[in-house]
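One structure is given below, encoded as structure tokens.
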Amino acid sequence: MDFELSPEQRRIQTLARDFATDEVAPLAREADETGIFPEHLIGRMAALGLLGGPVASEFGGAAMDAVSFALVCEELGRADSSVRGLLTVHASLVSGCIEQWGTVEQKQRYLPKLTSGEWIGCYCLTEPNAGSDAASLQTSATADGSYYLLDGEKIWITNGNMAHLAIVFATRDRDARHRGICAFLVETNTVGMRREKMAGVELGHKASDHAHITFDHCRLPASAMLGQPGEGFKVAMSALDRGRLGVAAGAVGIGQACLDACVIWARERRQFGRRLGDFQMVQATIANMAADIAAARLLVYQAAWLVDNARPATQAAASAKLFATEAAARAASEAVSLYGNRGYSSEYPIERYYRDIKGLQIYEGASNIQRIIIARELIGREPS
């Protein structure tokens, strides 16, 4: 088994790390406190080839393999989860879906705009009464000659207010559940689509753009459908497999940031005449954290490797997402405790990591949903 990254993967990792360290991290605290996303970073990610990372070069992407893109998400997660979140939704959920399921015309129309940063994409699946149970979504798609009329609402749509293009999931037949779902490419200036900021203030990812979107007889040509009629659920699940890898890699980044901070603190902070790192309980905490993050990283890289080798990766992606987010949550909690009152303040990034990781445990399927996915892959469904 070869665990070495290729020279190209190393290059991409270094590129992403330098960008995250020099340009993203210095803005993270201010962006978190103001709730304003530093939009100039979108242009920088496009210029560096990160924004269209996995997309084929013929559409302006960097044609990164899945391992390379996981490395990018890890490095951005280490610096700022809001930036990592924008990228995962834009590149994995939106661009990736269009590349996999789109017609030639759809790919040519939309992918160059997305990879260049001219347009931003959002992914509209979650509804007030359809979260983990995506098959129960209520947004309707009613046939009207050669058009469809969309009616309904979506919530917690990342990039929703800044997006130029949305992938919207709606059903032609609610009783058919997942078999009735279709996916549509909706340009956000379409009449009948209205967007507003989500009510309240987020716990974490405060610089992310989270939208409440409503559709009121939003009229679309049949050519706006992504994939075939009734394939929307397959489109959604394929996107979530990719998205889970981005979330898992971002969680590894948060965990590594917590570990790095704790090692520095253990060396520098002194109590009772000794370094914190000289106390065995502190050593045990840091050792457990390091083992957790190493295991999470291997799960993420393995899942990405399976994708790159055209192997089934649903179980591996769910396992990586489950373990990496839970491990990073433990790491963030321990880091706050180790830093004490300083970990409780935004003076240090520890408290932001603690808040941000909770979102990663929920996005793209909460931890218990990942457990269900893993169990179903292992046990299978009972024959009908």
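Read-outs: derived from the displayed coordinates by stated rules, not from any lab. Since the structure is predicted, the reported quantities are computational estimates derived from the model, not experimental observations. Note that each Cβ is placed from the backbone with ideal geometry, even for glycine, and that neighbours are counted across all protein chains shown.
According to the square roots a ≥ b ≥ c of the eigenvalues of the Cα gyration tensor, what is the shape class of the range 234-379, taking rounded for a/c under 1.5, prolate for a/b larger than b/c otherwise, and oblate for the remainder? It would help to have the intermediate numbers written out before the result.
Values: a/c = 2.90, a/b = 2.26, b/c = 1.29.
Verdict is prolate for the range 234-379.
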Helix-only mean residue ellipticity at 222 nm, the chain, DSSP H runs n ≥ 4 weighted -39,500 (n - 2.57), per residue, nearest 500. What is it? -16500 deg cm²/dmol
Restrict the search to the range 275-383; then list the trypsin sites (Lys or Arg not before Pro) that DSSP places in a loop and that have at most 15 other Cβ atoms within 10 Å of their Cβ. ARG381
Lysine pairs in the chain with Cα atoms under 18 Å, if 8 or more residues apart or on separate chains: 4
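So what's the projected area for the range 28-115, the Cα convex hull averaged over all directions, in nm²? Walk me through the numbers on the way to the answer.
Working: hull surface 22.0 nm².
So the Cα hull casts an average projection of 5.5 nm².
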Quick one: length gained pulling GLN302 to LEU5 fully straight, 0.36 nm per residue minus the C-alpha distance? 105.7 nm
Hull volume in cubic angstrom per residue (convex hull over the Cα atoms of the chain): 144
Computed D for the range 284-329, Stokes-Einstein, Kirkwood radius over alpha-carbon pairs, 20 °C, 1.002 mPa s, to the nearest µm² per second, is 198
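Between GLU196 and ARG29, what FRET efficiency follows from the Cβ-Cβ distance if R0 is 35 Å, with the result rounded to 0.05? Walk me through the intermediate numbers first.
Details: r = 27 Å, r/R0 = 0.76.
For R0 = 35 Å, the calculated efficiency reads 0.85.
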Taking chymotrypsin sites (Phe, Trp or Tyr not before Pro) in a DSSP loop with at most 12 other Cβ atoms within 10 angstrom as exposed, one finds the longest site-free stretch of the chain at 4-271
